[in-house]
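Following: one structure in structure tokens, then a few remarks.
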């Protein structure tokens, strides 16, 4: 693990990539007179980016060359509710990043080529294999939002703090039982954590399924579900709403992105909000 006082060197890159210092030097300097496999070249570039190794280039120079654009990847969905949730997220992040002088562009699952028109790529609630597929094709900072990447020490990931949410829900309901109703996560690791944290989880795919739970005590995380449930007369007493995306969470995401873009080493890559 690297600390703020540790300046990333070419030796760090070589060690993490499992290659020699010379190989890293050849790749970084774009030597074409030597035989280096595409796989090795790609791995060195990825590790260099993720560790923040920037030879002969200061953070200020990096900042002035930014495109002021963030690319957002989400999983393909056919559920109307999941699509509504993704649209809400895109609108929220678009407004948030606009205030930070960044634009937001959406890239669909069918787009698998390398994307160079953004400063950073944000994956939201995507399967781990898809996350790494995107990372394998790109050499700009990649961050995960509501997308748990197990065993990760390089990528920033910003997830909800489900333990804290569970405590707040217990207090809201005064210790009485309740159900967490949720759209089905696309990220399997996040889904598993939710099921480990909450004793009673119900996944919703269609608006019609909500009818059966209109009298129950509910913990709701998804904006689209809360919108459909909040019109009940007793909603304020019966529904505990803890939104998956908030200004606090977006600020944490932005801070992590700035760390990655400025190549600032940081020990905390797993952020829970």
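Derivation of every value follows stated rules applied to the coordinates shown; laboratory data play no part. Please read all numbers here as calculations on a predicted model, not as lab measurements. Cβ: placed from backbone, ideal geometry, glycine included. Neighbour counts: every protein chain shown.
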Cα-based helix-to-principal-axis angle, 128-137 vs the chain, degrees rounded to 10: 30 degrees
On Cα atoms only, tilt of 247-261 relative to the major axis of the chain in degrees: 10 degrees
Sequence of 77, 248 once ranked by neighbouring C-beta atoms within 10 Å, starting from the fewest: 248, 77
Nitroxide proxy distance, nm - points 7 Å out along Cα→Cβ at residue 117 and residue 203: 3.4 nm
Along principal axes, Cα extents of the chain, largest first, whole Å: 71, 33, 33
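Across all directions of projection, what mean area in square nanometres is found for the Cα convex hull of region 162-241? Mind showing how you got there, number by number?
Details: hull surface 20.0 nm².
Result: 5.0 nm².
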Over region 87-206, equivalent-ellipsoid semi-axes from the Cα gyration tensor in Å: 30, 17, 14
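Per DSSP H run of at least 4 residues, take -39500 (n - 2.57); add these up for the chain, divide by its residues and hand me the 222 nm value, nearest 500 deg cm²/dmol.
Working: 11 runs with 113 residues, N = 273.
Roughly -12500 deg cm²/dmol at 222 nm, from the helical runs in the chain.
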Ranked 136, 12, 125, criterion: other C-beta atoms within 10 Å, fewest first: 136, 12, 125
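Defining a contact as two alpha carbons under 8 Å apart and six or more residues distant in sequence, what relative contact order in percent does the chain show? Don't skip to the end; give the middle numbers.
Details: 392 pairs, mean separation 60.4, N = 273.
Relative contact order here is 22 percent.
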